[in-house]
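Here the structure comes first, spelled out in structure tokens, and everything after it is commentary.
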Amino acid sequence: MKIVTGGFSSRRKEASKMLILIKTNNSEMTLTAEKPALIKLAPNFTLAEMANNAGDPTKPQYIISAESDAFISTLQAFRNIVGGRVIVNSGFRQPDYNKKIGGDPNSRHLYGCAADIQPIAQLTNEKGYINTWLEALAQTKQHGAINIYADRSYYHLETNTGARLLTVRVYKDNNLYDKIYMQYNCPYIAVQKF
């Protein structure tokens, strides 16, 4: 089934309801959200888009916390800067699902603080993604990271509590790493090679 919300279209399976976990400093509560495709986490992102739709429906499919809220705000700022649609391939992940797909055991996806996004026509190269995510982080006063993969067709964006404003991780492309390192080697950006 095709979901159309807020000018976006996604081929994700639409759930009529899902469990969400709400975390505060002192407590946790699990609730059932009705019609998650209609629940907006931000002006251009719905609960259905950011949830773990392929995971176990008997466990929370999204987490609402101060951290996840900060990520959604930053992702919305990124979308506002881009001026067009941002399609999320993967948002929040349940631990079992993250393990099943080979995700990092410490992934920010587990906290609702990361998204893998499809390439965006307006951003024609890695520098465009880095500058745009950096601007979104600055607007929302967050720290974060962007992963750039030579062998994958998506970009990973996350917020975290890192020492630097932005960490750029370049995977499997030494030439691109060298190019990015030369452009961005400064005190508030760390460029790492994997």
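The values are calculated or read from the model by the stated rules, or taken from the named source; none is laboratory data. Computed from a predicted model, the values in this text were never measured in an experiment. Ideal geometry is used to build each Cβ from the backbone, glycine not excepted, and the neighbour counts take in all protein chains shown. With ligands, DNA and RNA removed, areas are computed over all heavy atoms of the protein, side chains included. Shrake-Rupley method; radii C 1.70, N 1.55, O 1.52, S 1.80 Å.
Structural remarks
- Taking the numbered list (1) surrounded by fewer than 20 Cβ atoms within 10 Å (Cβ to Cβ); (2) β-branched (Val, Ile, Thr); (3) farther than 27 Å from SER153 by Cβ in turn, ILE64 passes all entries but (1).
- Residue in the stretch 127-148 that is polar (S, T, N, Q), modelled with pLDDT of 95 or more, under 15 Å from VAL191 (Cβ atoms) and in contact with a strand residue (DSSP E or B) (Cβ under 9 Å, 6 or more places away or on another chain) present: yes
- One residue alone among LEU75, LEU38 is farther than 24 Å from SER153 by Cβ, among the aliphatic types (A, V, I, L, M) and touching a residue at least 12 places away in the same chain (Cβ under 8 Å), and that residue is LEU38.
- The strands (runs of 3 or more DSSP E) found entirely in the stretch 49-165 that carry 2 or more residues being out of contact with any His (no Cβ under 8 Å at 6 or more places or on another chain) are 62-64, 88-90, 143-149, 155-160.
- The selection criterion, being open to solvent by 20 Å² or more (accessible area, probe 1.4 Å), at negative phi and polar (S, T, N, Q), holds for ASN131.
- Each residue in the stretch 137-178 was checked for being of a type outside the set (A, V, I, L, M) and touching a helix residue (DSSP H, G or I) at 6+ places or on another chain (Cβ under 8 Å), and 9 pass.
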